[in-house]
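A.B. asks: Handing you this structure, nothing more for now.
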Amino acid sequence: MVKIKTVIKLVLFIAIIGGFVYVSFSQDDGDLDISDPGVPPVDLPGEDEDDETDDGLPPIEDEPDMVEIDEDELEELEDLPMFIDQTQEEIRDHVFFHENDQLEMYLKEENLSLILRDKNTGALMYSTVEDPIGGNQSWTNFMQSGVVLEYITGRNLVTSRADMYSEEHTKEVTKTDDGFVASIMYAELEIGFDLHVTLTEQGITVDIPKDSIVEDSDTYKVGSFYVYPFMGHTLLGERDGYMFIPDGSGALIHLDDKDGKFRQPYSVMIYGANTGLDDPFVLSLFNNRNPFNDPENILAPVFGMVHTDNEIGFLGIVEEGQYSARIEAYPNGAILPYNWITTKFIYRQVYSQPTSGDTGTMVVRQRNLNDFDIKVHFNFVTEDNANYMGLAASYRDYLLDNDLITVNEDDFNVRIDLLGAEVEQGLIFKKDVPMTTFSQAYDILTDIQAKGANNILSIYKGWNNKGPYGGLPIRSFNPESILQDGMDINELIDGVAANGVDLFLYHDALRINMEELGNTTHRLMRKYNRRTHREEIYGNVYREFNWLHPRSTVNIMETMINQYERNDIENLLISGISNELFSYSEGNREFDRITTKNYYEPLIQQYNENFHLLLEQPFSYLWNQTEAIIDLPISSSDYVFVDEDIPFIALTLSGIMPLYAEYANFQANQERFFLQLVEQGLNPSFLITHESPADLINTNSSYIYSSQYERYEEMIQEYYRELEAVHNQTAGAFIVGYDRQGGVTKVTYDNGVEVFVNYQEQPISREGHLIEALSYKVVNTQ
C-alpha cells in the first residue's frame, strides 16, 4: 500500500508545480511596457497609465501612440539640399545672420530655426523640420521650434508644451557680435527666459541662464527645456549616417529605415539614474533576485549626429545642466518617422509622496527649480572628420583645452584585484571567511612578478574589518584580524612596494550597513518623498544597504584622511561616490544632484592632493582627479535599437591616462574580449583569490564563480606579454583613426603605429598585411 505521507507529499508537490506553471504562463506579454530600455517596468494592477513618465514628468497631453505615415505625404515632400556652393542671402526662409572662418549661420526668427553651412564644402545642417509629417499638432509644433518648454499645470500636474507656435508669446531677438539673444515671454503662463546662441569656430553654443527664467505663476511651473532638439534630424532612411549615444563605451543608431520595429527611444539620465527621485519597479522572479543586468551608465555628457553622405556632423557637449539632464535618441518609428537626438534639461519633476505607512501615495511636484544654467556646445565635424572618430577627437580636444582632464603617465600594468575577507551566515552567528590573507596576497603578487609580469597595479578589497560589505562604512583604519597570518597589512604594502607594485586599498564611501550597525549617529540619505533610500542588493547575507547623506560621507572621509596618513597609507581607491549622484531631502528642504556633486567633488580633490588616488568607473567631471580609469566598459548596454557598439571613451582618452578594463574572469567569450583590449588599448584586469570561490557561495560575493589564482596563473602571463608588447609601441600616442571593414578593425595612432584586429575565424589580408584568424597585427609605418 501507498503510505498516506507519500500521497500527501505527492499532492503538495503537484500543487506547488501547478501554481508555478499557472503564474508563469498566465502572464500576458502585452502587460510589459518597455518604456525604459534598461529595465522593463511592470504594469501593476490598478496602476494609472497616466502616471509620471521615466523622466519624472507627467505624460504630455495629446501624445500620439505611434507614427502613422501617409505614402502620398512622402512623395510630396521636397528634398532639402545637402550642399550649397556659395554664401546666400537666404536659404529656405532663413536669413544670413553671421559667419566666421568655418561656418555660416542662417536664422528664421519666426521659430528661431537655424541652418548651418560649412564654408569649405557647402554642406548644410538643419535644426528644425520645415514640413513635418507623421505627428499631431503638438509634435508638429515641436519639430518646427528651436526651443521648447515643458511646463507643469496646477494640482493635476499635467505637462504641456510651449514652443514657437503654441501658446501666445512675445519674442525679441537681439543680434550680438557672434550670435543673438532671444527673449521669450509667455504672458498667460507668466513664464519667460532668454535663449543665447553663439557662433564659434567649432560650431554653435546654446545657453539659457537660470537667472533669465521668469516664473511668476502659482499655476504654471517650468518642467524642462529642449534646445534645438531636431538639430541634424533625418527622415526615415533618406540619409546615410548615424546617431551616437554615450551608453557605456558608446553606441550608434544608424539612420536607415527601421520599418517601425522600435516603439521606444533611448532616454537615459546623464551620470546615471537619480535615485533620490526615480523609483522604478523592478520585476523579480526567482527568490527575490533581480533577473535583469543593470544597464551601463552615461559616463560623459555627450551625444552626436553624423551625416556620412554630405560629410557633416556634430558632437553635442553638455557643459552646464548635465547633472539634471537626459540624453534622448529617437530612431524613426519611435513616435515619429524622424531620427533625432537631443538633451532634455529637467528643472522640476514630480514624484510619489507616501501619505500613510502602508500603501497610500499622492503625486506631488518638486517645489523649487533645480539650480543650473543650460549650456550645450554643438561642435561640428566635416569631411574626413565626419565620423565617430572625429567626434571622439573633438571631445578630447575640448577636455584638454578646458583643463578638464590631466595627462598622466600612460603606464602599462596588469591589474590584480585581491579579495581579502568576506562574511558568511552561519546557523546562528555570522562568521568571517578568509579568501586571501596578507601573506597570501604577498605570495600571489610576487609569484606573478617572478613569472614575468613585472608591472602590477593591485587593488585590495575586503581588507577591512568584516570585509567589503559587513564593514560599511569604513570609519577607522581597522584591518581584518583574520587576514593577519604572520604579516600585517603595512608589511604587505611595504613588501610589494619594494618590488614596484602599487597596492591600493578599496574604500566604498557611499554605503552604510545598518544590519551590522543597528543604529548610527550618521545621517542617511532620504529621497524627495522623505523615505530613507534602501538599495536592494539580493545578497546571501545582507539584503540591502542604505546610502550616507553627502555631509555624513564628507565627515567620515575627512576623519579617514588622518587615519590613513597616521598608518602610512598612500594609495587608495574610492568607489560609490565616484559614480553615483542623487537628489535628496533634509527635513522639508529638497536638494538636487548638483548639491551632492558639490559635496563629493572637493572631497575627492582633497584625497587626490593627499594620496595616490584611483576612482572606480568615474563620471567625467572627476576624470581630472584620478590617476587611471578603473572598470572602463568595453561595450554598451545592448539595447535592441543599437546597430553598433563603438569604443568612444577609449578613442577619447587613450594616450592621456591608463585605462583598465572590467575583469577578464567573467567574460563569456575570452578570445573576443582579449581582442577588444588590443583594439581599445586597455590594460587587463583580474579578480584573484587564494582560496576557491566555492567558499563564497553563502556570502554576498557569491557572484564570484572563478577567481582562484592557480586557475589564472598562465592567463595573466599571456595577457601581460602580448598587451605589453602592443602598449610599448603605442604608449602616450593618441588614436587618430579607427576603421571597421568586414570583421577587421584598423586603429591608427598619431605616432605612425597601426593595429589591425581580425575578429573573423579565417585569416584576412588588409592593406598588404595578413592578419591571422582571431588575431591582431601591429605595424609601425615610420
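Coordinate-derived values only; no laboratory data. Keep in mind the model is a prediction, meaning the values are calculated, not measured. Because the Cβ atoms are built from the backbone with ideal geometry, glycine has one as well, and the counts that use them run over all protein chains shown.
A.B. asks: Based solely on C-alpha atoms, express the radius of gyration and the Dmax of region 733-782 in angstrom.
C.D. replies: Rg and Dmax of region 733-782, Cα atoms, are 10.5, 30 Å.
A.B. asks: Just flag the trypsin sites (Lys or Arg not before Pro) in region 328-423 sitting in loop per DSSP whose Cβ has no more than 14 other Cβ atoms within 10 Å.
C.D. replies: 367
A.B. asks: Tell me, what ³J(HN,Hα) does each residue in region 336-343 have, in order and in whole Hz, if you take phi through Karplus 6.51 cos²θ - 1.76 cosθ + 1.60 with θ = phi - 60° and put x for Gly and Pro?
C.D. replies: 10, x, 10, 9, 8, 9, 7, 10
A.B. asks: Residues with beta-carbon under 14 Å from that of residue 720, excluding residue 720: net charge, scoring Lys, Arg +1 and Asp, Glu -1?
C.D. replies: -4
A.B. asks: On a full-extension model of 0.36 nm per residue, what is the gain between residue 544 and residue 93, subtracting their alpha-carbon distance, rounded to one decimal in nm?
C.D. replies: This chain segment gains 156.4 nm when fully extended.
A.B. asks: What is the sum of charges, Lys and Arg at +1 and Asp and Glu at -1, for the other residues whose Cβ falls under 14 Å from the Cβ of residue 670?
C.D. replies: Its environment carries a net charge of -3.
A.B. asks: Taking all pairs of different Cα atoms in region 92-251, averaging 1/r and flipping that mean, what Kirkwood radius in angstroms comes out?
C.D. replies: By the Kirkwood definition, the hydrodynamic radius is 17.1 Å.
A.B. asks: Quick one: work out Rg over Rh on the C-alpha atoms of region 415-732, Rh as Kirkwood radius.
C.D. replies: Result: Rg/Rh = 0.96.
A.B. asks: Could you give the size of the charge dipole of the chain about its Cα centre, using +1 on the Cβ of each K and R and -1 on the Cβ of each D and E, expressed in debye and rounded to the nearest 20?
C.D. replies: Value, rounded to 20: 3600 debye.
A.B. asks: I'd like the distance separating the alpha-carbon centroids of region 193-247 and region 438-460, in whole Å.
C.D. replies: 51
A.B. asks: Using all C-alpha to C-alpha distances in region 429-526, build P(r) with 10 Å bins and read off the rounded percent in each one.
C.D. replies: 14, 42, 27, 13, 4, 0
A.B. asks: Next question, about the same structure. Average projected area of the Cα convex hull of region 545-701, in nm²?
C.D. replies: Approximately 13.3 nm², given one-decimal rounding.
A.B. asks: Quick one, which of (i) 38.4; (ii) 40.0; (iii) 33.9 is the actual mean projected area of the Cα convex hull in nm² calculated for this model?
C.D. replies: (ii)
A.B. asks: Another question, if that's okay. Taking the alpha-carbon distance from residue 527 and a cut-off under 24 Å, which lysines remain once sequence neighbours fewer than 8 residues away in the same chain are dropped?
C.D. replies: Here the lysines satisfying the reach criterion relative to residue 527 are 221, 344, 597.
A.B. asks: For a footprinting-style exposure proxy, rank 520, 532, 596 by other Cβ within 10 Å, fewest first.
C.D. replies: Ranking 520, 532, 596 by Cβ neighbours within 10 Å, fewest first, gives 532, 520, 596.
A.B. asks: What ³J(HN,Hα) values, in whole Hz, does the Karplus curve 6.51 cos²θ - 1.76 cosθ + 1.60 give for region 528-540 when θ = phi - 60°, with x put for Gly and Pro?
C.D. replies: Couplings: 4, 7, 6, 8, 5, 6, 10, 8, 7, 10, 6, x, 7 Hz.
A.B. asks: Could I have the simple spin-label model distance between residue 491 and residue 400, label points 7 Å from Cα toward Cβ, reported in nm to one decimal?
C.D. replies: 4.7
A.B. asks: Give the span of region 449-578's Cα atoms along each principal axis, as three whole-Å numbers ordered largest to smallest.
C.D. replies: Projected onto the principal axes, the Cα atoms of region 449-578 cover 56, 33, 26 Å.
A.B. asks: Looking at region 351-411, what % of the alpha carbon pairs are farther apart than 20 Å?
C.D. replies: Percent of Cα pairs beyond 20 Å in region 351-411: 62.
A.B. asks: Testing the spin-label approximation: label points 7 Å from Cα along Cα→Cβ at residue 294 and residue 568. State their distance in nm.
C.D. replies: Label-label distance for residue 294 and residue 568, simple model: 3.6 nm.
A.B. asks: Now for a different question. Amide H to amide H, which residues 5 or more places from residue 465 or on other chains are under 5 Å from it, using H placed in the peptide plane?
C.D. replies: 478, 480
A.B. asks: Compute the FRET efficiency between residue 760 and residue 644 as 1/(1 + (r/R0)^6), taking r as their Cβ-Cβ distance and R0 = 22 Å, and round to the nearest 0.05.
C.D. replies: 0.85
A.B. asks: Give me the one-decimal nm value for the distance between modelled label points at residue 710 and residue 499, 7 Å along each residue's Cα-to-Cβ direction.
C.D. replies: 1.9
A.B. asks: Separate question: Please work out the Cα center distance from region 613-681 to region 744-776, rounded to the nearest Å.
C.D. replies: Spelled out, the Cα-based centre of one part sits 20 Å from the other.
A.B. asks: Now a separate question. Net charge around residue 162, counting only other residues with Cβ within less than 10 Å of its Cβ (Lys, Arg = +1; Asp, Glu = -1)?
C.D. replies: -4
A.B. asks: Let me ask something additional. So what's region 565-610 giving for Rg/Rh, alpha carbon basis, Kirkwood Rh from the mean inverse pair distance?
C.D. replies: My calculation of the ratio gives 1.11.
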